[in-house]
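**Q** Pasting a structure below so you can have a look.
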Amino acid sequence: MTKDILSISKVEKSYAGKEVLGSISFALEKPEIFGLLGPSGAGKTTLVKIISGIEEATNGETRVLGTNMPNLQQMKKIGYMAQSDALYSELTAKENIMFFSALYGLKKSEIKRRIQEIIAMVDLEQDMNKKVADFSGGMKRRLSLAIALIHEPKILILDEPTVGIDPVLRRKIWGNFQELKASGTTIIVTTHVMDEAEKCDRLGMIRDGEMIAIGSPDHLKSETQTESIEDAFLYYGGVLHAN
Amino acid sequence: MRIKAMVTRIIKQFVHDKRTIALLIVAPILVLTLLSLVFNGKEYTPILALVDVPMPISTELEESEAEVSNQSLSEAEEMLEEKQLDAFVTFENNTPTITLEGSDPTANRATLQVIQNVISKQQQNENVAMEIDYLHGSEDMTSFDNFGPVFIGFFAFFFVFLIAGVSFLRERTTGTLERLLASPIRRWEIVVGYVVGFGFFTALQTIILAWYAIYILDMMMVGNFLYVLLISLMTAFVALTLGTLLSTFANNELQMIQFIPIVIVPQFFFSGVFNLETISDWVSWVGPYTPLYYAADALQDIMIRGYGWQEIAIDFYILLGFSLVFMLLNTLALKKHRRL
Ligand SMILES: Nc1ncnc2c1ncn2[C@@H]1O[C@H](COP(=O)(O)OP(=O)(O)OP(=O)(O)O)[C@@H](O)[C@H]1O
Ligand SMILES: [Mg+2]
């Protein structure tokens, strides 16, 4: 149990008495790319906020690397990219990165080295001294991703990271995710994009705050006797049943 | 059609924002009420002490609208120092000498008027011979000299409040607060960070404002400039911490601005621009609960009365106390966003 990277048991969350998550349980035992799939309003963002320690579950237990969340020490080991870009638009890209690196207590020399690595990954070398206010939507997304990665987190939580990013760059970024995983990083990613879902090691399907299915893409497809993740998703959602 | 859609949408937005509607109605009423309280307030009643004043004049003064008591010279001087008197009257060689506290032109005028009336009636003479001394200020002192220190405090307060409040609010509305809270930063670190970060600009603002008022506008200034800076800076800190705290209760910039008539303007009325003794009793008790009251008191003490640290220390510590309490409350308010 304790050696799990992430273990979630019977997590429930209500806002003002209204249930948003109802008893979700799953565990990540070794580094992998874990995708969260589900319709809008299903509770994906709420779940990843609970994992990252911003929100607290109303009931149940969330353990990150063996420690109950929320916990400030564990939060240092987590990289979080929010669904909406949270950047200071009056500052340049570099100033934003510097600010967040400082929050995680990185040293000057570390920051210097890391900045080179991550901006190459998200292709922002030319734009480091531009104000974020002048960035395009996709550029902001990439900068947010870079900031989530700056402190080399053990667990990377990405809430719809590739919205607004073009296919070429998206492929490149997913290549980087695979490399990160190979070097021992666990990635939890929410997405609506089906070809991204196919690239995850395992998928959790959420609907109305319930985990309705969990498993590798192939497993989910064979279990539902469907050709694509999209069909499997619709199957679990009950749409195919209705037809 | 498009116009109609616009109108409908705007009406709907208002209906969803009941606070704004309430403010639209309540705020003007509040400000009007305060104005009427101030201007329809009581006549100013001078408080006099008589030091060996001969018979007919002393009885006349006792029968006037002034509040009169008989004191020894040393007692009278002490009471004047303590602001318990507006003036005391002594007699030398049959010439009345009036010593005024002097820092409030309204009080000066009312006091002199009462005494002049009595003495001219006694001497059957329009041109009364009397000597007038001022403990503080002088007859050249204008109302602006009296209000000036209050304005310095007020403006230091007003703008810092708004700007700090809106910045902190933006932090929340743009999602950067949540992003901050996803990092290992502690809540109080955010609050202190704001105070220190804004501190630099507030210090700059304070220095410029005080310098401008004193050296360019030629506001009366008999005390130490550094004390003026110290108190204005402390006032700005109170504004900064109060602004960030209250931004928690606003959902957008407009709602932040709604705090002006509720939080800022009333403080101004009780801060000493209007003599509190002329404000109706049933509201004048509010003053001591507002930070600007202490800021204005200390600034007037320094600039008009030339007082030093001993006299302003209490005001300083009260302002410091306000800031610390607001910071603490803000740290607690952030709990709404993250428990740790
Ligand atoms: N702070 C909050 N207060 C009240 N309700 C909330 C709050 N945050 C989320 N909710 C509700 O929780 C539910 C799940 O929201 P969540 O953001 O987790 O969905 P999601 O799966 O991420 O959707 P999307 O794909 O659109 O991002 C929604 O019904 C939402 O209205
Ligand atoms: Mg979401």
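The values are calculated or read from the model by the stated rules, or taken from the named source; none is laboratory data. What you are looking at is a predicted structure, and each value in this text was computed from that prediction instead of being measured. Methodologically, a virtual Cβ is constructed for each residue, glycine included, from the backbone with ideal geometry; neighbour enumeration extends over all protein chains shown. The area values use the complete protein model at the heavy-atom level, side chains included, leaving out ligands, DNA and RNA. Shrake-Rupley method; radii C 1.70, N 1.55, O 1.52, S 1.80 Å.
**Q** When you look at A:LYS112, is it within 16 Å of ligand 2 (Cβ to nearest atom) and not assigned by TED's automatic domain parsing to the domain that holds A:VAL163, yes or no? Even if it seems obvious, please write down each step before you answer.
**A** On the way: within 16 Å of ligand 2 (Cβ to nearest atom): no; not assigned by TED's automatic domain parsing to the domain that holds A:VAL163: yes.
The answer is no for A:LYS112.
**Q** Sort out which residues of the stretch A:168-199 are within 16 Å of ligand 1 (Cβ to nearest atom) and open to solvent by less than 30 Å² (accessible area, probe 1.4 Å), and write them in order of number. Talk me through it step by step, then tell me what you get.
**A** First, the residues of the stretch A:168-199 that are within 16 Å of ligand 1 (Cβ to nearest atom): A:188-194, A:196-197.
Selection gives A:ILE188, A:VAL189, A:THR190, A:THR191, A:GLU196, A:ALA197.
**Q** Within the stretch B:171-189, track down each residue that is under 22 Å from B:GLU253 (Cβ atoms) and more than 10 Å from chain A (Cβ to nearest Cβ).
**A** Scanning the stretch B:171-189 gives B:ARG172, B:THR173.
**Q** I'm checking my understanding of the structure. Among residues of the stretch B:202-233 that are exposed (fewer than 15 other Cβ atoms within 10 Å of the Cβ) and in a helix (DSSP H, G or I), which one is nearest to the other protein chains (Cβ to nearest Cβ)?
**A** Just the residues of the stretch B:202-233 that are exposed (fewer than 15 other Cβ atoms within 10 Å of the Cβ), to begin with: B:204, B:208, B:211-212, B:215-218, B:222, B:226.
Now restrict to residues that are in a helix (DSSP H, G or I): B:204, B:208, B:211-212, B:215-216, B:226.
Working: B:LEU204: 18, B:ILE208: 23, B:TRP211: 28, B:TYR212: 27, B:TYR215: 33, B:ILE216: 31, B:LEU226: 34 Å.
Ranking the qualifying residues of the stretch B:202-233, first place goes to B:LEU204.
**Q** Let me spell it out: the conditions are (1) within 16 Å of ligand 2 (Cβ to nearest atom); (2) on the phi > 0 side of the Ramachandran plot, and A:SER23 meets all of them except one. Which number is the exception?
**A** (1)
**Q** Can you tell me which residues in the stretch A:33-53 are open to solvent by less than 10 Å² (accessible area, probe 1.4 Å) and more than 6 Å from ligand 1 (Cβ to nearest atom)?
**A** Scanning the stretch A:33-53 gives A:ILE33, A:PHE34, A:GLY35, A:LEU36, A:LEU37, A:LEU47, A:VAL48, A:ILE50, A:ILE51, A:SER52, A:GLY53.
**Q** Moving on to the next point. Please work out if B:SER143 is modelled with pLDDT of 85 or more and open to solvent by 40 Å² or more (accessible area, probe 1.4 Å). First the steps, then the outcome.
**A** On the way: modelled with pLDDT of 85 or more: no; open to solvent by 40 Å² or more (accessible area, probe 1.4 Å): yes.
When the stated conditions are applied, B:SER143 does not pass them.
**Q** Considering each residue of the stretch A:54-65, count those that are open to solvent by less than 40 Å² (accessible area, probe 1.4 Å) and away from ligand 2 (no atom under 16 Å from the Cβ), and give that number.
**A** 3
**Q** Working only within the stretch A:3-20, note down all residues that are open to solvent by 50 Å² or more (accessible area, probe 1.4 Å) and part of a strand (DSSP E or B).
**A** Residues satisfying the conditions are A:LYS10, A:GLU12, A:TYR15, A:LYS18, A:GLU19.
**Q** Considering only the stretch A:14-39, how many residues are free of Cβ contacts under 8 Å to residues at least 60 places away in the same chain and farther than 22 Å from A:GLY66 by Cβ?
**A** 5
**Q** Same structure, new question: Mind checking which residues of the stretch A:123-135 are among the polar types (S, T, N, Q) and under 22 Å from A:GLY175 (Cβ atoms)?
**A** Taking the stretch A:123-135 as the starting set, the residues that turn out to be among the polar types (S, T, N, Q) are A:126, A:129.
Matches in the stretch A:123-135: A:GLN126 only.
**Q** Output the number of the condition that B:ARG187 fails; it satisfies all remaining conditions of (1) exposed (fewer than 15 other Cβ atoms within 10 Å of the Cβ); (2) closer than 30 Å to A:LEU72 by Cβ.
**A** Unmet for B:ARG187, out of (1) exposed (fewer than 15 other Cβ atoms within 10 Å of the Cβ); (2) closer than 30 Å to A:LEU72 by Cβ: (1).
**Q** Does the stretch A:152-167 include one or more residues that are within 14 Å of chain B (Cβ to nearest Cβ), over 27 Å from A:GLU32 (Cβ atoms), away from ligand 1 (no atom under 16 Å from the Cβ) and within 19 Å of the chain's Cα centre (by Cα)?
**A** Looking for residues that are within 14 Å of chain B (Cβ to nearest Cβ), over 27 Å from A:GLU32 (Cβ atoms), away from ligand 1 (no atom under 16 Å from the Cβ) and within 19 Å of the chain's Cα centre (by Cα), one finds none in the stretch A:152-167, hence no.
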